[in-house]
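FYI, it's all coordinate maths here, none of it is from the lab. As the structure is a computational prediction, the values presented were derived from the model and not from experiment. Methodologically, a virtual Cβ is constructed for each residue, glycine included, from the backbone with ideal geometry; neighbour enumeration extends over all protein chains shown.
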Ligand SMILES: Cc1ncc(C[n+]2csc(CCOP(=O)(O)OP(=O)(O)O)c2C)c(N)n1
Ligand code: SF4
C-alpha cells in the first residue's frame, strides 16, 4: 500500500503551522506502518490533546482522540480488551509528561504492549507557547517571561526507570531513523517509547531565537549524536540518539491470560 | 436453584448483576465504601474470561473503560465521592463521544475526603451537574439488594440503548449491608445488547449519524469500519468541527436523546399512594426508613404513602406531580441538604407543601428521625 492510502484525505489540509515538525512525524510514522505491512483494521491510534495529538485525525486507522494527558489510560483499555490490536499513542511532551506523567510511568511499569510516541517540542504549542516540563532551565515561554526556572527531565531515562522495555530517541532531522524506530517499537512485545525531538518554530523557535524550521532541524543535526559516540565523550552537552533499551520481559496482556487460566482452574 | 439464593453485600450484588448484564471489562481504583466492587470483580471476571484492571487512579479508570467499550465490550467502573470527582472529565468525554459505560458511585459523606465509612447521599447533584457544559445524564439508585440487581442491569441496558454513560448512585448503607438476593434466571430480566451497524465493509459508515429512531449503531474498533472518536464537537464521521449548525445539532441530540426517552428510563416504586394525604418521597438507603414509617403509620390508620424514586436523573417531574396531586404534605427523605427536595419543589404546583426530612451527620437516618420530623410539622412536637 502507498503511504497516501493510510491517510484520510477528506480531512486535509492539516492544522499544523508551516514548518511544524509534527508533519514529519506523521510521514515517518506512515512509512513505518507501510513497512510493517499491517492491515489498517489492526491499528488503533489513541491520542490526547495538543497540536501533536491531532495526528490521529489524519490517519485511516481506528482513531481515538481523547483528553489532555489521558491517552495512555484510554489506550490501556483498548489494548487489554482486544490485545490483538496494535496500539500507537502519539503525545506531546506536555500531554505525555506533565498532565499525563502518571499514566506514562504506570503504562511503562505494566509493560503493556503499546507504542508511546512522545513528540517533544519543549513547549505547549496548542495553547500558545507556555513552558512544558521539557522546556529546560532558562528557556523563554509565555509563562516564563523572566526565564524558566523549572528543570526538565530526561524522557528516555524516565521511561527506562519506570520499566519500558523499548526506549529510543530521534529527531525530525533523522526521519529515516525515526521510521525504523517506530517500526521496531510497534513490533516490540512490551511498552515501547520513542521520543522524537520535533520543532515548534511558531512558539519555541521564535521565543528562543532559534530561527526557522530549517534552522531548528539543523540544530537537531549538530546537537545530537549516536548513543555512546566519541563526540559525546568530548562534548557531554550533545543529546544522544538511538535505542537506549530493548529487552524482553513478560507483557501485561499475556500475563493476564495466565491470571484467567488460574482463575479457571487450569482450563484456558 | 440453591446457588441462586445469596446473602451478600450490596457491592457484591452490583458485581453479579453487571455480569448478568454481560459485563466483561472492569477498571477501577480502590476507595471506601465501593472497594468490594473491585475486589469481587478481580475474582469473578477472570473466571469468565473477562478482564479486570486496577488502574493508577480514577481518571485512568474511567478512561480505560471508555477505551474498552469501543472494542465492543460492556464495561464498568466503581468509586466513591473523591474518586467520582476525579472521573468527571472522563464522564463528560463519554457523554460527548457517546460511549456506553456504567459508573458506580457508592456515596459516602462529603465534601472532600469527608466521611469514608459514613453514609450520605450528597452526590445527587454532582451526578447531574458534575460535568462541565450543558448535558443530560442518567442516574439510577436502589434501596434493596433485589433492586440493586435490577437497577444495575437497567443501567447497562440504558447505556447501550442510548449510547451514553449511566451513573449508579448507591450509598454506603446499601453497599455494605448484607441482605437476601435471589439471582434471576437467565432471561428473567431483559438484557439489551449493543446495536451494531449493518453497513457492509467498504461502504461509508457514519458513526455519529443517528438513525430515524435516534439510535446510533456502533462498530467495534478492530472491525472493518475505521472512524474517529473525539471529545470535541464533531460531524457524522466523528471529525472535529466548529460549524455552528453541526455544534447546535449535536448538543441538542445529546440532550434530547435522554429527555425524550425519560419514560423508558424512569423507574420507581409506590406504596399506599392511592389515598395518601402525606406523601414521602425517598430513594436509596433513606427509602428503607421512609417505608418503615409509612407501614407503621398505616397500621395506625394514618394516610401516609411513599414514592420511592429509582431513577433520579432525568428527574421524573411529571410522575412526582401526578403522585402528589392529592397530598397535603410532601416530605422528601434524603441524606443531604435537600438535593432532590429542590427538584420535587419544581415538580409540584405548591412548593410550600414540600418539606425536607434529612440527616447530614454521617449517621443513617432512622424511622424515629423521620417520625420526629413528621411530628414537628404536624404541630405535635417531638
Ligand atoms: C485538562 C486540560 N487542561 C488543559 C488543557 C489545555 N491544553 C490543551 S493542549 C495543552 C498543551 C499542549 O502541549 P503538548 O502536549 O506539549 O503538545 P503540543 O501542542 O506542543 O504538540 C494544554 C495545556 C486541556 N485541553 N485540558
Ligand atoms: S504551534 Fe507549534 S506545535 Fe503547534 S502546529 Fe504550530 S508549530 Fe506545530
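For the reader, a short list of remarks on this structure follows.
- Between residue B:125 and residue B:337, residue separation times 0.36 nm minus the direct Cα-Cα distance comes to 75.2 nm.
- Cα-based shape type of region B:268-379, given that a ≥ b ≥ c are square roots of the gyration tensor eigenvalues and the cut on a/c is 1.5: rounded
- Cα centroid of region A:65-101 to Cα centroid of region B:356-382, whole Å: 50
- Label-point gap, in nm, between residue B:57 and residue A:245 - each point 7 angstrom along Cα→Cβ: 2.2
- 0 to 90° range, to nearest 10: angle between helix B:244-259 axis and chain B longest Cα axis: 40
- Chain A, relative contact order [Cα under 8 Å, separation at least 6], %: 18
- Counting, for every residue in A:54-66, the Cβ atoms of other protein chains within 10 Å of its Cβ and taking the mean gives 6.
- Chain B - percent relative contact order, Cα under 8 Å, separation 6 or more: 16
- Highest mean first, the peptides B:358-364, A:130-136, A:37-43 sorted by other C-beta atoms within 10 Å per residue fall in the order A:130-136, B:358-364, A:37-43.
- Crossing angle, helix A:71-81 versus chain A [Cα axis fit, 0-90 degrees, rounded to tens]: 20
- Across region A:151-268, C-alpha contacts under 8 Å between residues 6 or more apart give a mean separation that, scaled by the residue count, equals a relative contact order of 28 percent.
- Taking a ≥ b ≥ c as the square roots of the Cα gyration tensor eigenvalues, the protein assembly as shown comes out prolate, since a/c reaches at least 1.5 and a/b is larger than b/c.
- Extension gain for residue A:234-residue A:151 works out to 27.5 nm (0.36 nm per residue, less the C-alpha to C-alpha distance).
- Cα-projected label distance for residue B:248 with residue B:185, points at 7 Å along beta-carbon direction, nm: 5.4
- Rounded FRET efficiency, nearest 0.05, which uses the C-beta distance separating residue A:218 from residue B:213 and R0 of 56 Å: 0.40
- The mean number of partner chain beta-carbon atoms within 10 angstrom of a residue's beta-carbon across peptide B:44-57 is 5.
- Three-way shape label, region B:1-265, alpha-carbon gyration tensor, a/c 1.5: prolate
- For the pair region B:334-352 and region B:77-123, the centres of their Cα atoms are 22 angstrom apart.
- Gaussian network model of chain B, Cα within-10 Å springs - most flexible of B:11, B:336, B:261: B:261
- For the residues of B:223-236, the average number of beta carbons from a partner chain within 10 Å of their own beta carbon is 5.
- 0 to 90° range, to nearest 10: angle between helix A:101-110 axis and chain A longest Cα axis: 40
- Sorting B:212-222, A:16-26 by their mean Cβ neighbour count within 10 Å, with the most densely packed peptide first, gives A:16-26, B:212-222.
- Two-site FRET efficiency, residue A:176 against residue B:39, from Cβ-Cβ distance with R₀ of 41 Å, rounded to 0.05: 0.25
- FRET efficiency for the residue B:292 to residue B:117 pair, using the beta carbon distance and R₀ = 25 Å, is estimated at 0.60.
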